[in-house]
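Heads up: the structure comes next, in structure tokens.
A short reminder: the numbers here are calculations on the coordinates, not readings from a lab. The shown structure was predicted, so the numbers you read here are calculated from the model rather than taken from an experiment. Heads up, the Cβs are rebuilt from the backbone with ideal geometry, glycines too, and the neighbour counts pull from every protein chain shown.
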Amino acid sequence: MKLSIIIPCYNERQTIREVVRAVLASPVKDREVIIVDDCSKDGTADILRTEITPLVERVIYHEKNRGKGAALRSGFAAATGDVIIVQDADLEYDPQDYPLILEPFRTGKADVVFGSRFMGGRPRRAHFYGHYAGNRFLTLLSNLFTNLNLTDMETGYKAFRREVIQSITLEEDRFGIEPEITAKITGMGLRIHEVGISYYGRSYAEGKKIGWKDGIRAIYCILKYNLFKPKRPGPRGS
């Protein structure tokens, strides 16, 4: 089973080298690494061109900053693996957890796997209660509409069988992509699993980008994509 690792990045000069090293050192060896630079202005693109490009399968450059959702769309479209996973470029998620996320795919039990920061007893950095409370509220609101029992809808570690995510038309350009994906995979007849992962949340001083406006947008997206989505069967492939 080949894994496509999609790394969206914007102004991650301080972490991009370490993230790529961590990805390449992960236990999963049958893989492709696709980085999408969302028009970084801090020198990230120069590092990608001069140091990172020889180490990975593909680097995609956006000519203007469009947001994480747009970067993910570019990465999803380029992926060729059996399973696609999103790897943020900010060191908050550990590639050593890939085998945990891939196990439900290997055993033929899942079409989509969410890596939850709030279950499973994995290491987690104690950080901003406001972010924790906000994530739990958004997950609860999403669950009320999707009828799923997720513990972490907003997680950055989401993995999909390639044909599943490539069959979905995604619209959100920024962080609204998380509730949009969750809404759109619901009702497709998919097997959705959660596994516990480790998490090392960073501060705004360390480069965290999501803010309160993204939380408001997430609420809007939960309502929009759950109330006005077509119901259709999805690919099962098993």
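Could you check what % of the DSSP bridge pairs in region 1-160 are antiparallel, to the nearest 5?
25 percent
Mean residue ellipticity at 222 nm from the helices of the chain, using -39,500 (n - 2.57) per DSSP H segment of n ≥ 4 over the full residue count, to the nearest 500 deg cm²/dmol?
Mean residue ellipticity at 222 nm (helix-derived): -10000 deg cm²/dmol.
Using 0.36 nm per residue, how much length does the chain from Leu140 to Lys2 gain when fully extended, once their Cα-Cα distance is taken away?
Taking Leu140 through Lys2 to full extension adds about 46.4 nm, to one decimal.
Work out the FRET efficiency for Glu171 and Ala78 from their Cβ-Cβ distance, taking R0 = 22 Å, and round it to the nearest 0.05.
Once rounded, the FRET efficiency stands at 0.75.
Within the chain, which complete DSSP H helices have Cα atoms spanning at least 24 Å along the helix axis and a mean Kyte-Doolittle hydropathy of -1.0 or higher?
Counting only whole DSSP H runs, the qualifying helices are 129-146.
Across region 3-227, how many lysine pairs separated by 8 or more positions, or lying on different chains, have Cα atoms within less than 18 Å?
Taking region 3-227 as the scope, the lysine pair count is 14.
Counting other C-beta atoms within 10 Å, which of Tyr93, Tyr10 has the fewest, and how do the rest follow?
Tyr10, Tyr93
Cut-off is 10 Å between beta-carbons; in what order do Thr53, Thr169 appear when sorted fewest neighbours first?
Lowest to highest Cβ neighbour count: Thr169, Thr53.
How do Ile168, Ile6, Ile47 rank when sorted from fewest to most other Cβ atoms within 10 Å of their own Cβ?
If I rank by nearby Cβ atoms, fewest first, I get Ile168, Ile47, Ile6.
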